[in-house]
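Okay, so here's the structure we're looking at.
The values are calculated or read from the model by the stated rules, or taken from the named source; none is laboratory data. Computed from a predicted model, the values in this text were never measured in an experiment. Note that each Cβ is placed from the backbone with ideal geometry, even for glycine, and that neighbours are counted across all protein chains shown.
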Amino acid sequence: MVQFINMLLIGIGAGSIYALMAIAMVLVWRSTRVINFAQAGMALLSTYIGFELVQKTGNFWIALPLAMILGALFSALVEILLIRTLIKHSTSGPVAGIVPIIATLGLLGFIRAMIGFIWGNQDIQIQPPLSKVGFKFGEETISLSPMNLLVLLSVLAMVLVLGFIFQKTSLGLSLRASAYSPEIAQLAGIRVGAIRTIGWAIAGAAGAAAGLLQTVNGTGAVSPDSLEFSLLLTFGFIAAVIGGLESLPGAVLGAVVLGLVLAAVQIYISGTLVFIVAFALLLLVLLVRPQGFIGTKAGRRA
Amino acid sequence: MSLVVQNLTVDHGAIRAINGVSFTVETGKLSAVIGANGAGKSTLLRTLSGLNKATEGSAQWGEHNLLSGKPESHVRSGVSHVSEGKSVVAELTVEENLDLGALWRRNKKEATETKQQVIELFPRLGERLGQRADTLSGGERQMLAIGRALMSKPNLLLLDEPSLGLAPLVIEQIFQTIRGIVDSMNLTVVLVEQNAMGALKIADTAVVLNLGHVATSGSAADLIADPAVRAAYLGY
């Protein structure tokens with residue numbers, strides 16, 4: 001029983017961080033039809049900036065929102081300086097449409113190299129702001145520490161705020177309309193170019209949160225070639241795709257399902273099977289329900 | 001204020017879609033643009049709303065140069081375009097589609113009033129505000145597309161084939177509504193139509209396009225009576 005509860009706790013905890021990453025991927029896909037492989041690099045950069053901010057302010061909970069804002073600005077700049085130009089230039093020829101996607105791979109390498117250049121290739125260490133010792137129920141210690149709990153609550157708060165923005169505000173309506181039908185949005189007077197940049201900015205903030213929360217939730221150590229961030233990209237991407245790639249609730253659902261499945265494999269079978277299962281799940285969903293958990297068949301055409 | 005198009009030429013790559021087109025529409029008038037498939041009717045509207053770029057010529061709506069700037073800035077100058085094929089966002093609700101047209105408007109109170117007017121004009125939309133746009137019938141979608149355009153409080157409305165894919169009875173209703181809007185709101189309308197007879201019946205003036213050229217133009221009544229137009233476009 002304790003084992004089962006631990007599985008749920010670990011799965012939901014990991015899934016919540018994949019969810020932030022998946023949300024970032026979905027937002028970028030919806031606004032510019034680009035799969036942003038640099039999302040992990042951008043999250044890593046934000047985590048390093050968060051590390052500096054923790055040093056300066058001495059408080060993780062001040063550093064986190066600041067790092068998210070800087071992550072948003074960086075992401076917006078990438079869209080304005082790089083992606084916008086590449087999309088304009090890649091309208092014809094054999095690689096039309098995929099140039100910006102390849103460019104994000106280049107950007108990923110570039111950011112990691114820059115981080116190594118600035119901060120060095122050794123680990124940096126971010127001190128977790130809260131205890132990482134699991135709560136006790138009688139004799140048993142469960143896999144939920146105050147730190148885990150606060151990470152979970154932070155993600156929940158962010159998802160709720162995003163949901164509110166998307167469903168209830170004018171900005172959200174502009175973002176949705178521009179994603180579904182840019183031309184009609186434009187004819188309705190929405191400045192679609194600016195809305196795309198805002199989509200990237202929100203993705204940058206979500207990615208920054210994913211990077212920092214994952215780091216303090218884990219070992220606290222980060223390096224430019226961090227394996228954790230490669231996994232964050234992989235699992236965030238898988239979650240986004242099985243969730244339908246178009247849908248924010250889908251991304252969250254995909255991430256939680258992925259987190260739970262991987263936790264179950266890890267606890268009941270073997271940790272070594274985690275990757276095989278993650279990719280098997282991706283292939284299975286693509287074969288059985290290519291439009292994802294939430295998503296329409298038409299949505300994938302683009 | 002009137003719409004003055006002069007010597008307008010538009011290229012799609014190597015193909016000349018519009019070739020030296022000139023016409024004028026006076027304020028408060030409904031002008032039909034008719035012609036066969038591929039005559040350049042949609043391209044004409046898309047150029048006037050800023051979606052396509054012109055190669056040559058000019059298009060003025062009063063003081064406003066329609067050939068410079070993006071569609072989103074044209075909307076702010078009172079030009080609304082309902083593009084071909086029921087221009088609504090299928091994934092959004094009816095109310096969200098309406099609100100979309102007024103997002104850029106600063107005065108939210110006025111925008112709410114406009115929404116009331118649109119709902120009075122199209123009571124069917126009022127009953128379906130919370131439904132997704134893709135649950136509507138073809139006629140209702142067309143009403144929603146026109147409603148969305150009206151939400152931007154236009155004085156020049158560009159309509160691209162509102163009759164496309166609709167049943168004859170519904171077409172009749174949509175055409176009557178368009179005529180009603182022109183009269184009651186003092187709107188200027190350019191109506192592009194494949195359904196030449198239906199469009200000419202409600203129009204004040206008309207332009208007949210043929211392979212990117214103006215074949216003939218004049219008052220709608222004259223064109224209906226013109227034997228050459230009847231033979232070529234009205235089918236009798």
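Filtering the range A:177-202 to residues that are farther than 17 Å from B:A149 by Cα, touching a residue at least 24 places away in the same chain (Cβ under 8 Å) and not aromatic (F, W, Y) leaves A:A179, A:G193, A:I195, A:R196, A:T197, A:I198, A:G199, A:A201, A:I202.
Residues that are part of a helix (DSSP H, G or I) and either among the acidic types (D, E) or within 14 Å of chain B (Cβ to nearest Cβ) (or both) are absent from the range A:154-164.
Given the criterion part of a strand (DSSP E or B) and under 19 Å from B:I146 (Cβ atoms), identify the matching residue among B:S58, B:S80. None of the others qualify; the one that does is B:S80. Residues of the range A:180-202 that are among the basic types (K, R) and more than 10 Å from chain B (Cβ to nearest Cβ): A:R196 alone.
Of all residues in the range B:48-97, those being under 24 Å from B:G138 (Cβ atoms), over 17 Å from the mean Cα position of the chain (by Cα) and within 12 Å of chain A (Cβ to nearest Cβ) number 8. Taken over the range A:138-173, residues that are over 22 Å from the mean Cα position of the chain (by Cα) and not aliphatic (A, V, I, L, M) amount to 10.
How about the range B:203-236: which of its residues are without any contact (Cβ under 8 Å) to a residue 40 or more places away in the chain and of a type in the set (A, V, I, L, M)? Residues satisfying the conditions are B:A221, B:L223, B:I224, B:A225, B:A228, B:V229, B:A231, B:A232, B:L234. Against the list (1) among the hydroxyl-bearing types (S, T, Y); (2) in contact with an Asp or Glu (Cβ under 9 Å, 6 or more places away or on another chain); (3) assigned to a loop (DSSP other than H, G, I, E, B), the condition B:S68 fails is (2). For the range A:87-100, a residue qualifies if it is surrounded by 14 or more Cβ atoms within 10 Å (Cβ to Cβ) and part of a helix (DSSP H, G or I), and the qualifying residues are A:I87, A:V99, A:P100. Note on the range B:99-119: residues that are in a helix (DSSP H, G or I) and at the interface with chain A (Cβ under 10 Å from one of its Cβ atoms) amount to 3. Restricting attention to the range A:123-143, and to residues there that are assigned to a loop (DSSP other than H, G, I, E, B) and modelled with pLDDT of 90 or more, which single residue is farthest from A:K56 (Cα to Cα)? Among them, the one singled out is A:D123.
Can you tell me which residues in the range B:21-59 are closer than 20 Å to B:L223 by Cβ and either among the charged types (D, E, K, R) or surrounded by fewer than 17 Cβ atoms within 10 Å (Cβ to Cβ) (or both)?
If the condition is that a residue be closer than 20 Å to B:L223 by Cβ and either among the charged types (D, E, K, R) or surrounded by fewer than 17 Cβ atoms within 10 Å (Cβ to Cβ) (or both), then B:S22, B:T24, B:E26, B:G28, B:K29, B:A36, B:N37, B:K41 are the ones that fit.
Exactly one residue out of B:L144, B:L158 is crowded, with 24+ Cβ neighbours inside 10 Å and in contact with a His (Cβ under 7 Å, 6 or more places away or on another chain): that is B:L158. Scanning the range B:131-156 for residues that are within 13 Å of chain A (Cβ to nearest Cβ), in a loop (DSSP other than H, G, I, E, B) and of a type outside the set (S, T, Y) yields B:K153, B:P154. Within the range A:109-163, being acidic (D, E) and in contact (Cβ under 8 Å) with a residue 12 or more places away in the chain holds for A:D123, A:E140.
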